[in-house]
Structures are given as structure tokens and as C-alpha cells.
1. Out of VAL117, VAL153, VAL126, VAL143, I need the residue that is in a helix (DSSP H, G or I) and closer than 14 Å to GLY10 by Cα. Which one?
2. When you go through PRO25, PRO78, PRO34 one by one, which is the residue that is within 18 Å of ALA205 (Cβ to Cβ) and part of a loop (DSSP other than H, G, I, E, B)?
3. Return the only residue of ARG104, ARG61, ARG68 being among the charged types (D, E, K, R), closer than 22 Å to ARG20 by Cβ and in contact with a helix residue (DSSP H, G or I) (Cβ under 8 Å, 6 or more places away or on another chain).
4. Scan the range 82-110 for residues that are more than 16 Å from the chain's Cα centre (by Cα) and either hydroxyl-bearing (Ser, Thr, Tyr) or closer than 15 Å to GLN9 by Cβ (or both) and jot them down.
5. When you go through (1) part of a helix (DSSP H, G or I); (2) free of Cβ contacts under 8 Å to residues at least 24 places away in the same chain one by one for HIS40, which number turns out not to apply?
6. Would the range 48-63 turn up any residue that is over 27 Å from GLN107 (Cβ atoms) and either within 11 Å of the chain's Cα centre (by Cα) or in a loop (DSSP other than H, G, I, E, B) (or both)?
7. Can you tell me which residue is surrounded by the fewest Cβ atoms within 10 Å (Cβ to Cβ) among those in the range 176-201 that are in a loop (DSSP other than H, G, I, E, B) and of a type in the set (A, V, I, L, M)?
8. Select, from GLY28, GLY49, GLY56, the only residue that is crowded, with 20+ Cβ neighbours inside 10 Å and not aromatic (Phe, Trp, Tyr).
Amino acid sequence: MKNQVILFQGDSITDCGRARDTNVPNTGLGAGYPFLSAAHLLCAKAEDGLKIFNRGISGNRIVDLYARWKVDGLNLNPDVISILIGVNDTWHEFGSKNGVEIPRFEQFYRMLLEWTVQARPGVKMVLCEPFVFVCGAVGQDWVPEINQRREVVRKMAKEFDTIFIPYQEIFDAALKRAPAEYWLGDGVHPTYAGHQLMAAAWMKAADGII
């Protein structure tokens, strides 16, 4: 589709070293799945005038994303928005007692999506479930809470009629090919192989809207 603005949003998994000093689309996209997805799209759809931005910020929780949604989201006038958020809402609780409990996570996620469809009627959204492996920084005690966050995102995708990417299921299936650390080095952050797995799933899921 012609002249679409595509926005990737989230935390460090999306950030992945992206540039902070440019507002030029298709540049400074970092070294993760947004870059890999963009590289494929910009080559395959060279005639379409796509404009792709990465506005992920390392360490963000849902409340941080909501706080900057206007300047880093709506003001870019996106036609397609991809959101991956949730792991820090758990991680910050285990690390510094500053997480976001499940009901508030759902509340702010819904508020963000309601704001988006009101401000950008017709916008297409891709909601990505958070994921972890029990290795590195991640203990078994994370899993029940992450599973609840996954269910929240799945619920939001159904409620707002968006595309949903079940990344935990995708990574779980990849364990048949290589161990957990091969895909998520510290249990949270993807390796190069993990980011490629994500990008391939993202492009397949979003194929019908770009």
C-alpha cells in the first residue's frame, strides 16, 4: 500500500540500539526485528514510499509508553502501529519493586488503544505478546505473571480487532531446534537468531495490511 507510515513501539526488545537523534524515516532503526522487518519491506516494496519509524525505549513499562504516546506515537501520524510491551512491567517488580500489576497493565493498555483509534480512525495495529524463557535473568516465578500479560494482550487484540502475534508460542516452538539461550540470551532479549524469528513472524502476520 502506498505511502504508509509504519511505527514500531515498545521497550528494549524493539529499541535494540535505535538512533535517538533523527526523525528521518527508514534510518536509525536499530539492530533488531524492526530493522530486519523494515529492510525486507523497503526492498520488496521499493515503489510504495513506505516510511518506517522505531520509537522503542529500553526499560519502558506500559505506563511509560502511555506517557509518551502522543509525541512518540500519534504525532507521527502512523497508518500501521506495532506494539510489544509488558516484560518490564514484571521485571521492574522483581528488580526494584516498581512493576505494573496486571489490572493496571490492562487498564493502561486499553486506554492507549482507545486513544489511538479515536485519534487515528482506520489505523491498523499489530499487538505482540510479551515472552520469556526461564534462563539468564528470568526465574520460574516470572512465568505465571508473564502468562497473564500475554492473555491481556490477546484480549486487547480481540477487543480492538487487531493483528495478534503469539511470540511466546513461536519461541517455544523454536526450542525444538536450539536451546533457550540460543534464542533469548538472558531469557528476555533476543539474539540475532531470535530477532530474525520475530521479524519473519511479524512480516507474515502484517502481510495483509502493508
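1. Working: VAL117 fails: closer than 14 Å to GLY10 by Cα; VAL126 fails: in a helix (DSSP H, G or I); VAL143 fails: closer than 14 Å to GLY10 by Cα.
Selected residue: VAL153, the only one of VAL117, VAL153, VAL126, VAL143 that is in a helix (DSSP H, G or I) and closer than 14 Å to GLY10 by Cα.
2. Details: PRO25 fails: within 18 Å of ALA205 (Cβ to Cβ); PRO34 fails: part of a loop (DSSP other than H, G, I, E, B).
Of PRO25, PRO78, PRO34, the one residue that is within 18 Å of ALA205 (Cβ to Cβ) and part of a loop (DSSP other than H, G, I, E, B) is PRO78.
3. Working: ARG104 fails: closer than 22 Å to ARG20 by Cβ; ARG68 fails: in contact with a helix residue (DSSP H, G or I) (Cβ under 8 Å, 6 or more places away or on another chain).
Only one candidate passes the filter, namely ARG61.
4. SER96
5. Every listed condition holds for HIS40 apart from (2).
6. Initial filter on the range 48-63 (over 27 Å from GLN107 (Cβ atoms)): 48-52.
Pick out the ones that are also either within 11 Å of the chain's Cα centre (by Cα) or in a loop (DSSP other than H, G, I, E, B) (or both) and you get 49-50.
Yes, the range 48-63 has at least one match.
7. Filtering the range 176-201 down to residues in a loop (DSSP other than H, G, I, E, B) leaves 176-179, 185-189, 191.
Okay, now just the ones that are also of a type in the set (A, V, I, L, M), so 178, 188.
Details: ALA178: 12, VAL188: 23.
Applying the filter and picking the extreme gives ALA178.
8. Working: GLY28 fails: crowded, with 20+ Cβ neighbours inside 10 Å; GLY49 fails: crowded, with 20+ Cβ neighbours inside 10 Å.
Answer to the selection: GLY56.
The values are calculated or read from the model by the stated rules, or taken from the named source; none is laboratory data. Bear in mind the structure is a predicted one, so any value in this text is a computation, not a measurement. As a convention, Cβ positions derive from the backbone with ideal geometry for all residues, glycine included, and neighbour counts pool all protein chains shown.
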